[in-house]
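Single-structure report; data block below.
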Amino acid sequence: MNNSSNLYWGLTAQDIPGLQLNKLKNIVEFHYSNNSIYRRLLDDSGVNPSQLTSLDQLSLLPIIDPQQLKQDKFPSFCSLPLSEITTFIETSGSTGKPKLIPVANNEASHIYKHVAQMLSVAGVGSPYTDNGRANRSIYCMFPTGPWPSSFFIQNGCEQLGPTVRADVRMPIHWHKDKLALLRPADVITYPSFLSYFYDQLKNELEFSELGIQRIVIGGEPFTEAFREKMEAAFHCKIYDIYGCGEIGVASIECSHSRATGYTHWCAPELLLEVVDPETMKPVEDGEVGTMVVTNLWRKSTPIIRYAMGDIICKTTKQCECGSSLPLVSRIKGRQDDTFCYGAANLYPDQINQAVTRAGYSDKYVLKIIDKPDEIAAELVMQLEYEGPEQQDIIANKINNQLASLSMEYKTIVRLAKFRPPIQVKCVKPGALFSQGMTKLKRIKRVSVSSEYKSS
């Protein structure tokens with residue numbers, strides 16, 4: 001799949017709105033005709049698919065709650081008979097109870113090509129040979145199983161070139177041998193796994209000699225400090241990718257993204273709304289809000305005005321790379337991970353930056369401990385660390401960094417002292433994240449009673 005053109009399947013930016021409208025009308029009509037629950041949602045909202053004549057009318061459609069995809073809801077929210085389902089993918093449950101997502105027979109090949117198109121924005125697989133495929137391998141380092149990463153990324157990569165399905169749970173020496181033997185041009189994985197494998201192999205492999213051209217990471221938040229550390233270690237550029245089981249690959253960085261702070265959104269396949277989480281009304285371009293996404297290709301399950309809960313902003317700016325895909329920010333966190341501490345609204349990205357800027361590992365878990373009579377009464381961070389510094393010194397550095405990132409936090413904790421600062425409890429490396437895990441959930445909310453039970 002040659003990516004010499006920056007156009008997604010030959011589409012210009014001017015082509016995309018008309019394509020979106022046609023796809024929107026078709027997908028709403030399909031689910032209205034084939035899904036009794038969705039038909040009832042539309043009828044209760046007083047909406048008929050025939051009313052959709054412009055994208056401005058998207059807000060007439062009801063919001064779909066992610067709870068509809070929880071496993072105990074299946075198969076009632078499926079729009080196809082089981083005979084037309086090829087497979088199922090399952091979320092890891094890092095944002096709650098796992099979701100079970102069916103994939104239709106005729107969706108799989110489209111998904112693979114869509115993912116390949118998005119990966120090519122970051123240059124994955126290039127330079128291409130005359131037959132449009134890469135002549136060097138792509139190393140996909142994910143856990144094998146029903147996870148979206150295994151399904152979307154690995155199959156998409158195979159559209160671009162020879163792909164190694166490198167299960168992260170294989171022994172370290174297996175990865176060492178395969179990396180040295182195959183010398184992949186591209187590595188795609190989670191940030192946690194990249195950090196873990198670097199720690200395990202840094203004394204056994206000279207990464208600069210592998211000739212890795214780029215690494216693509218996603219599925220978890222990471223900071224610029226982490227990215228720069230890994231780029232120096234692997235001697236290549238690192239790109240951010242965002243996606244999930246419900247919508248596939250939604251956005252990815254290009255070579256200009258570091259300078260602009262924006263990534264490319266897959267507008268031909270996904271309609272994006274950025275809304276105020278309280279009013280569910282659209283915010284202005286450049287303002288932060290939560291994502292509401294409409295999947296324009298999925299017929300197995302209606303993902304229409306689906307409340308993702310991820311925090312993002314979009315812009316009308318154009319990228320210098322020439323891509324026809326519009327720009328959005330990197331994901332700033334999840335709405336359900338964003339929390340209020342006193343009067344300070346704190347985002348997961350701010351916590352991440354505070355820890356890594358202070359010079360510590362990104363392997364941490366921040367517990368928001370609620371007391372019966374007070375919300376977010378205490379913040380306790382478990383941090384993988386084995387070194388000479390005392391816990392109170394580490395905590396002070398992290399709190400100073402967070403205060404520099406959030407004036408609200410500085411006021412609440414440092415100036416007015418309405419709330420105590422984050423406490424740090426160090427644990428041994430490997431205590432929070434291990435090779436057998438899927439992802440590390442870094443922010444957890446617990447009640448004071450459950451905290452006592454677990455201690």
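Any read-out appearing in this document is the output of simple, stated calculations on the displayed coordinates, not a laboratory observation. These figures come from a predicted structure and were not determined experimentally. Please note: Cβ atoms are built from the backbone with ideal geometry, for glycine as well, and neighbour counts cover all protein chains shown.
Report the normalised scattering of the range 214-360 as log10 I(q)/I(0) at q = 0.21 Å⁻¹, calculated by the Debye formula with identical scatterers on the alpha carbons.
For the range 214-360, the Cα-only Debye profile gives -1.44.
Could you give me D for the range 161-239, from Stokes-Einstein at 10 °C and 1.306 mPa s, where the hydrodynamic radius is the Kirkwood radius over C-alpha pairs? Units µm² s⁻¹, please. Intermediate values should be presented prior to the final figure.
Values: Rh = 12.8 Å.
Estimated diffusion coefficient is 124 µm²/s.
Nearest 20 debye, what's the magnitude of the dipole of the range 170-311 about its Cα centre given +1 on Lys and Arg Cβ and -1 on Asp and Glu Cβ? Don't jump to the answer; show the numbers that get you there.
Working: 13 positive and 21 negative charges, 106 e Å.
The dipole of the range 170-311 has a size of about 500 debye.
Quick one: putting +1 on the C-beta of Lys and Arg, -1 on the C-beta of Asp and Glu, what dipole do you get for the chain around its Cα centre, in Debye to the nearest 20?
On the way: 48 positive and 49 negative charges, 118 e Å.
Roughly 560 debye for the chain.
Rounded to the nearest 0.05, what FRET efficiency is calculated for Asn105 and Arg169 with R0 set to 30 Å and r the Cβ-Cβ distance? Present the calculation step by step, with values, prior to reporting the outcome.
Details: r = 30 Å, r/R0 = 0.99.
Plugging the Cβ-Cβ distance into 1/(1 + (r/R0)^6) gives 0.50.
Add -39500 (n - 2.57) for each DSSP H run of 4 or more in the chain, then divide by its residues: what number comes out at 222 nm, to the nearest 500 deg cm²/dmol? All intermediate terms of the calculation are to be shown ahead of the outcome.
Working: 11 runs with 118 residues, N = 455.
After summing the helix terms and dividing by residue count, I get -8000 deg cm²/dmol.
When all C-alpha to C-alpha distances in the chain are sorted into bins of 20 Å, what percent of pairs does each bin hold, rounded to whole numbers?
Answer for the chain: a P(r) of 23, 56, 20, 0 percent.
What is the extension gain from Thr315 to Arg133, computed as 0.36 nm multiplied by their sequence separation minus the C-alpha to C-alpha distance, in nm to one decimal? Show your work: numbers first, answer last.
On the way: separation 182, 0.36 × 182 = 65.52 nm, distance 3.29 nm.
Using 0.36 nm per residue and subtracting the Cα-Cα distance, I get 62.2 nm.
Cα gyration tensor of the range 85-214, axes a ≥ b ≥ c as square roots of the eigenvalues: rounded (a/c below 1.5), prolate (a/b > b/c) or oblate?
On the way: a/c = 2.36, a/b = 1.24, b/c = 1.90.
Oblate, because a/c is 1.5 or more while a/b does not exceed b/c.
Once you mark the chymotrypsin sites (Phe, Trp or Tyr not before Pro) that are in a DSSP loop and have at most 16 other Cβ atoms within 10 Å, what is the longest gap between them in the chain?
It works out to 10-417.
Can you flag which of Lys70/Lys317; Lys70/Lys367; Lys178/Lys299 are past 32 Å Cα-Cα?
On the way: Lys70/Lys317 37 Å; Lys70/Lys367 25 Å; Lys178/Lys299 38 Å.
Over 32 Å Cα-Cα: Lys70/Lys317; Lys178/Lys299.
Given +1 on the Cβ of Lys and Arg, -1 on the Cβ of Asp and Glu, and no further charges, what dipole in debye does the range 258-394 carry about its Cα centre, rounded to the nearest 20? List each step's numbers first, then the result.
Details: 14 positive and 21 negative charges, 146 e Å.
In total the dipole reaches around 700 debye.
Share of antiparallel DSSP beta bridges in the chain, in percent to the nearest 5?
Working: 42 of 69 bridges.
Beta bridges within the chain, antiparallel portion: roughly 60 percent.
How much length, in nm to one decimal, is gained on full extension between Ser208 and Lys441, taken as 0.36 nm per residue of separation minus their Cα-Cα distance?
Numbers: separation 233, 0.36 × 233 = 83.88 nm, distance 3.09 nm.
Length gained, Ser208 through Lys441: 80.8 nm.
In which sequence would Asp370, Asp276 go, from the one with the fewest C-beta neighbours within 10 Å to the one with the most? Present the calculation step by step, with values, prior to reporting the outcome.
Details: Asp370 19, Asp276 13.
The fewest-first ordering by Cβ neighbours comes to Asp276, Asp370.
Once the Cβ-Cβ distance between Asn22 and Lys70 is put in as r, and R0 is 35 Å, what FRET efficiency do you end up with, to the nearest 0.05?
Numbers: r = 31 Å, r/R0 = 0.89.
The pair Asn22/Lys70 has a calculated efficiency of 0.65.
Which of the listed residues, Cys254, Asn400, Ala104, is farthest toward the dipole's positive end in the chain, when Lys, Arg count +1 and Asp, Glu count -1 at the beta-carbon?
Selected residue: Asn400.
If you take the beta carbon distance between Ala180 and Glu228 as r and set R0 to 25 Å, what does 1/(1 + (r/R0)^6) give as a FRET efficiency, to the nearest 0.05?
Numbers: r = 25 Å, r/R0 = 1.01.
My answer for the efficiency is 0.50.
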